[in-house]
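Report on one structure; see the data block that follows.
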Amino acid sequence: MTSPATIDAHCHLGFGLTCSRSADDLLKEMDVNSVSRAVVVPVDRFLAVDNSEGNDQILAAARSHPDRFIPFTTANPWFCDRARAELTRTFGAGSAGVKFHPGFQGFTLSDEVFLPLVELAIEHGKPMFFHAGTPISSMPYQLTELAMRYPEGIFIMGHMAYSDFWYEVSASAACVDNLYLETSHHVPGFVRAVAQRVGVDKILFGSDSPYGSMEVELEKIGAVFPSESDRTRILSANLLRILERP
Amino acid sequence: MNRIIDFHVHQGAWGGVRSEQDSPAGTLERLSRFGVEGALVMPFAGLFSNWFDHPADNDVVHDYCREFPDRLFAAFTVNPLMGGAALDEIRRCREVHDSRVLKLHPWLQGFSVTSAEMDAVAGLCEKLGVAIIFHDGTPPYSTPLQVARLCRDFPNLKVVSGHGGLCDLWQETIAAARRYRNFYVCICGPHLSAAQALADSVPSAQLCFGSDLSTSDLDDSLLWYRWRGFRALRMTSGQRETAERMTPYEIMGVPRPKEV
């Protein structure tokens, strides 16, 4: 049985060098945990270099299970024009957003080489999800600067930048209206404190499965947010608002 | 049988704040809710670079643990940049308190692991049989391989990675543990997949678990979250037994309890 209310904003699919997860296995984990839908993104080498191959796996899974998977595709900015072409292709094929991983993809959020992809995502109305929390490439104030530079874009900070940037996550997110925070891996008390500072409407539930446990991460949200209204927003409504915006 | 030890607990809360409701008995009761029977209790206030009275802070932690000497084990801290005063405090804690573990936090305390001051501290700890547990996983001063270099230069020193390299540097933690038998890993903070890789790759005789609980933070959610994750790791009962009950005693070099 699945709940119509729960969407996991961060799951990985594909058979990489260090991480493998089939669509069937992810669906099983979702069913066990009453998760109705999941944002799916590629794993390791498909994020880094073999972008088209990984994107096609994600898009194929979403075509097979359109009511369960929400595909976010990727492109390494160092591929320049080829990266723009790849994202354009995947947007046309149903990609709902973009995942960037500056650590895997070898750039920093302040690199000029990356900006054409940001502008392309905005042009197509696609939200951008960022792995965050890894120095020196993906730190909170770098993402905030990007969100300030592109107020029309939608930016999502993965893992609430776990772990050592916890001093600045709330402060950096509070600077802008277009930055959302995904909850995987961060400790419960911190997730609660951030939500109190920036507002529940900026928080998105994510497990980072299979790097994280969907079961544990869901239990965390239940423990941290006793209000059903808050949980509804974090578990689905906030993400749906992003995905369904005109 | 040895007790299950949480090897990463801080007395007080971030910044050195202490709650009046924080008590040793209360901490043990909280740990027991998650099947944990004892803890290595480390200072908090002394880990900040503006702290000058390390003896006072170390005494507070020692006194906190004194009522339960078989279950709460006091660690202590110094700032290596304080030179002779730091060395004096290490000798005092070892001789007067019988403390066996020094906690260092290079990025909060503002020193490099590769410095003459650190060498002086490491050499003394090696001589006195004091293990050092480091905050690690954070550039530029606290990466696992920076910490691990002490294992090479001080081969009889026990060095503990306090966080297993966190989410970004757990792979070099594995490399360090494979290279040095005197390098121990406290799983405390890496995501579940990285924690599993550490459990699979690091011999359990070099492995232990820690929650990073702050005893004055009376919210149990962190204890739940961390120990829930540890219990989800795929390990044999023998590996788990060693990591939970044996390795902490081995690092501390303290006599094991006769009976639990």
Exercise. Do you know which residues across region B:204-220 are over 23 Å from residue B:194 (Cα atoms), touching a Ser or Thr at 6+ places or on another chain (Cβ under 6 Å) and not β-branched (Val, Ile, Thr)?
Worked result: B:216
Problem set entry | helices (runs of 4 or more DSSP H) wholly inside region B:1-100 that include at least 3 residues being farther than 23 Å from residue B:211 by Cβ and not basic (Lys, Arg) | B:54-66, B:84-96
Problem set entry | Subset tally (residues that are under 15 Å from the mean Cα position of the chain (by Cα) and away from chain B (no Cβ under 14 Å)) for region A:192-219 | 4
For this session: Within region B:188-226, work out how many residues are closer than 23 Å to residue A:217 by Cβ, over 16 Å from the mean Cα position of the chain (by Cα) and in a helix (DSSP H, G or I).
Result: 13
Problem set entry | For residue B:178: the one exception among (1) assigned to a helix (DSSP H, G or I); (2) closer than 22 Å to residue B:142 by Cβ; (3) under 14 Å from the mean Cα position of the chain (by Cα) | (3)
Exercise. Residue check, residue A:91 against (1) among the aromatic types (Phe, Trp, Tyr); (2) open to solvent by 10 Å² or more (accessible area, probe 1.4 Å); (3) in contact (Cβ under 8 Å) with a residue 40 or more places away in the chain, all met but one. Which one?
Worked result: (3)
Problem set entry | Residue in region B:147-163 that is within 12 Å of another protein chain (Cβ to nearest Cβ), surrounded by 23 or more Cβ atoms within 10 Å (Cβ to Cβ) and closer than 25 Å to residue B:11 by Cα present | yes
For this session: Starting from residues that are of a type in the set (D, E, K, R) and surrounded by 14 or more Cβ atoms within 10 Å (Cβ to Cβ), keep the ones in region B:1-51 and report whichever is nearest to the chain's Cα centre (by Cα).
Result: B:6
Exercise. Does region B:232-243 contain any residue that is within 13 Å of another protein chain (Cβ to nearest Cβ) and at positive phi?
Worked result: no
Exercise. Could you say which residue among B:98, B:63 is more than 17 Å from residue B:160 (Cα to Cα), open to solvent by 60 Å² or more (accessible area, probe 1.4 Å) and within 17 Å of the chain's Cα centre (by Cα)?
Worked result: B:98
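Yes/no matrix, rows are residues, columns are (1) open to solvent by 40 Å² or more (accessible area, probe 1.4 Å); (2) modelled with pLDDT of 95 or more; (3) not hydroxyl-bearing (Ser, Thr, Tyr):
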site: A:156; (1), (2), (3): no, yes, yes
site: A:163; (1), (2), (3): no, no, no
site: A:170; (1), (2), (3): no, yes, no
site: A:181; (1), (2), (3): no, yes, yes
site: A:213; (1), (2), (3): no, yes, no
site: A:218; (1), (2), (3): no, yes, yes
site: A:237; (1), (2), (3): no, yes, yes
Exercise. In region B:173-228, which residue that is basic (Lys, Arg) and within 12 Å of another protein chain (Cβ to nearest Cβ) is surrounded by the most Cβ atoms within 10 Å (Cβ to Cβ)?
Worked result: B:226
Exercise. Does residue B:86 fit the bill of being of a type outside the set (Lys, Arg), open to solvent by 10 Å² or more (accessible area, probe 1.4 Å) and either over 17 Å from the mean Cα position of the chain (by Cα) or modelled with pLDDT under 95 (or both)?
Worked result: no
For this session: Could you check how many residues of region A:118-138 are free of Cβ contacts under 8 Å to residues at least 60 places away in the same chain, open to solvent by less than 10 Å² (accessible area, probe 1.4 Å) and away from chain B (no Cβ under 14 Å)?
Result: 5
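The values are calculated or read from the model by the stated rules, or taken from the named source; none is laboratory data. For clarity, every value in this text was computed on a predicted model and none was experimentally measured. Heads up, the Cβs are rebuilt from the backbone with ideal geometry, glycines too, and the neighbour counts pull from every protein chain shown. Please note that ligands, DNA and RNA were not included when accessible areas were found on the heavy atoms of the full protein model with its side chains. Shrake-Rupley method; radii C 1.70, N 1.55, O 1.52, S 1.80 Å.
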